[in-house]
1. Are any residues in the range 116-127 in a helix (DSSP H, G or I) and closer than 15 Å to GLN6 by Cβ, and if so, which ones?
2. Within the range 247-269, track down each residue that is under 18 Å from ALA193 (Cβ atoms) and part of a helix (DSSP H, G or I).
3. Looking only at residues in the range 1-52 that are of a type in the set (Asp, Glu) and part of a loop (DSSP other than H, G, I, E, B), which one is modelled with the lowest pLDDT?
Amino acid sequence: MVKSFQELDEKGILALAISLEEEDGRIYGEFGERMKDQYPETAELLRKMHEESVHRRQLIDVFQKRFGDYIPLIRRGDVKGFVDRKPIWLNPVLSPQRVRSEVQTMEAETRRFYQQALEKVSSADTRKLLGDLAEAERGHEDMADAIIKETSESGGFAKEEEARRKLFVLQVVQPGLAGLMDGSVSTLAPVFAAAFATHNSWTAFLVGIAASVGAGISMGFAEALSDDGALSGRGHPWVRGSVCGLMTTLGGLGHTVPYLIPNFGIATAVAVVVVALELAVISWIRHHYMDTPLLSAIFQVVLGGVLVFLAGILIGSA
């Protein structure tokens with residue numbers, strides 16, 4: 001049963017405040033642990049804010065003085081009106097921007113809670129403490145804003161952004177690009193060989209689907225089993241494997257789907273256009289994320305793709 005905030009008495013408000021401070025402290029700790037290696041500037045922000053907080057101890061002292069040692073269990077989820085806080089610290093990939101935004105939201109929400117709680121209590125000691133805590137939370141908000149501004153101006157977050165980009169490339173772009181290249185290039189030969197051997201769109205489509213799905217499963221398992229990510233920092237193996245497998249399948253489906261068009265000539269013309277677009281996209285991804293010179297990326301990708309494409313046509317026409 002969820003209670004309304006208005007139903008809480010002073011004892012319940014203090015118990016809820018203690019629970020909030022405990023939860024926020026744990027969340028800050030989780031964020032700091034996740035950030036410390038890759039994003040030290042954000043981890044330092046969390047450390048400073050966590051060290052400043054002695055709120056829980058102050059609340060417990062007032063509670064014990066007023067109501068004794070037993071503190072009822074009242075949590076955020078037991079009371080209406082709180083923002084639904086998603087457990088983003090469980091996300092496999094956690095960006096520093098998301099953490100900083102979440103921290104600012106947490107501080108603002110806690111300040112509003114203390115301001116509302118202040119109006120519901122009559123004890124002088126409790127009112128003083130809640131008022132002090134509301135001001136302290138406002139100070140935390142200001143401190144967070146100031147630290148973020150100062151660190152941004154000093155270039156600290158720019159370094160974190162570069163680290164985040166490199167991690168994204170390592171864990172997502174590389175396996176995805178490997179899959180897209182394999183799916184787009186390796187399936188060209190069987191699809192166009194079947195197309196030119198039979199001049200039947202449906203046959204070419206079935207061969208393309210089989211080649212794409214088979215290649216996706218093979219590449220996905222190969223990527224997942226190649227490295228557990230513990231030393232390389234490439235992330236969870238099954239996440240990489242899933243990305244690689246899906247992109248491999250997608251790469252093959254691109255030039256397979258046009259063969260749903262019954263007219264063989266039109267289907268082949270559309271498929272050729274799709275192949276050109278696929279190779280252009282792969283070249284751009286290699287240039288943008290892998291820092292490969294554009295002309296070099298185009299030469300490497302297009303040359304390989306054209307050779308496989310011609311091989312499929314020659315084999316199918318034999």
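1. Taking the range 116-127 and keeping what is in a helix (DSSP H, G or I), we get 116-118, 124-127.
Once the filter is applied, which keeps residues that are in a helix (DSSP H, G or I) and closer than 15 Å to GLN6 by Cβ, the range 116-127 yields GLN116, ALA117, LEU118.
2. Matches in the range 247-269: GLY251, GLY252, LEU253, GLY254, VAL257, PRO258, TYR259, PHE264, GLY265, ALA267, THR268, ALA269.
3. ASP37
The values are calculated or read from the model by the stated rules, or taken from the named source; none is laboratory data. Just so it is clear, the model here is predicted, and its values are computed rather than measured. Glycine gets a Cβ as well: all are built from the backbone with ideal geometry, and neighbour counts include every protein chain shown.
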